[in-house]
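For reference, the structure discussed in these notes is given below.
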Amino acid sequence: MRSLRNFFIFSPWFMGVLSVILAMVLAFATYIENDYGANASRYFIYNTWWFELLFLICLVNLLGSIIFNKLYVRKKLSVFMFHLAFVLMIIGAGITRYTSVEGMMHIREGETSNEIVIANDTGFSKTKNTKETKTLPFTLKLNNFTIERYPGSNSPSSFVSDVVV
């Protein structure tokens, strides 16, 4: 167990390197999404094996830090909670990644709906999408919808929805 403790994957400097790499990748993904759309950023970054591997390595580093530095003892509780929060976020993101369904609900003010439209993308091209409808186990009612626009422009600056589940 002592030899594993000195393994570089559990070291704070390695987590620092991972954090810088992750920040650079996320900045690049934002650039791709801004210039080429969300499907392109999913295809080239978010849905790749190496992006998931980055988060898996971060998770291993955090868990190793908790175990080998005994962060679970009372006097290190705040540091333990900090590390545990990131562990839970990464696990939650993984669960969401593999179990969630992304869709759009088309609903007008005053109407109620429980159906979403799911686009099954076959890459980042918008030409080969198939759409299906999924019924949700709950309904949403849109009471009010407001669009605020940038001054002197027709471009939306924010959307506000009053929704009842």
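The values are calculated or read from the model by the stated rules, or taken from the named source; none is laboratory data. Because the structure is predicted, anything quoted here is derived from the model rather than measured. Backbone-built Cβ (ideal geometry, glycine too); neighbour counts: all protein chains shown. Ligands, DNA and RNA are stripped out before the accessible areas are found, and what is left, the full protein with its side chains, is counted by its heavy atoms. Shrake-Rupley method; radii C 1.70, N 1.55, O 1.52, S 1.80 Å.
Using a 1.4 Å probe, how large is the accessible area of residue 33, given in Å² and rounded to the nearest 10?
The accessible area comes out at roughly 80 Å².
Tell me the accessible surface of residue 77 in square angstrom (1.4 angstrom probe, heavy atoms of protein chains only), to the nearest ten.
For residue 77, the solvent-accessible surface is approximately 90 Å².
When the accessible area of the chain is computed with all protein chains present and a 1.4 Å probe, what percentage of it is carbon and sulfur?
63 percent
How many percent of the alpha carbon pairs in region 66-124 exceed a separation of 19 Å?
On the way: 1024 of 1711 pairs.
Counting every Cα pair in region 66-124, those more than 19 Å apart make up 60 percent.
Helix 77-99 against the longest principal axis of the chain: what's the angle in degrees, Cα atoms only, rounded to the nearest 10?
It is inclined by approximately 50 degrees.
Gain in length, residue 96 to residue 38, computed as 0.36 nm per residue apart minus the alpha-carbon separation, to one decimal in nm? Present the calculation step by step, with values, prior to reporting the outcome.
Numbers: separation 58, 0.36 × 58 = 20.88 nm, distance 1.76 nm.
Extra length available between residue 96 and residue 38 comes to 19.1 nm.
Extension gain residue 154-residue 133, at 0.36 nm per residue separation less the Cα-Cα distance, in nm?
Length gained, residue 154 through residue 133: 4.4 nm.
In degrees, nearest 10, range 0 to 90: what is the angle between the Cα axis of helix 49-68 and the longest Cα principal axis of the chain?
Taking Cα atoms only, the helix is inclined about 40 degrees.
Using a probe radius of 1.4 Å on heavy atoms only, what accessible surface per residue do you get for the chain? Whole Å² is fine.
That works out to 73 Å² for each residue.
Take the chain, drop everything but the C-alpha atoms, weight them equally and run the Debye formula without solvent; then report log10 I(q)/I(0) at 0.15, 0.19 Å⁻¹ to two decimals.
Log10 of I(q)/I(0), two decimals: -1.06, -1.24.
Just add up the charged neighbours of residue 117: K/R +1, D/E -1, any other residue whose Cβ is under 12 Å from the Cβ of residue 117.
Neighbourhood net charge equals -1.
Largest first, how would 157, 65, 78 line up by accessible area (1.4 Å probe)?
I get 78, 157, 65, largest accessible area first.
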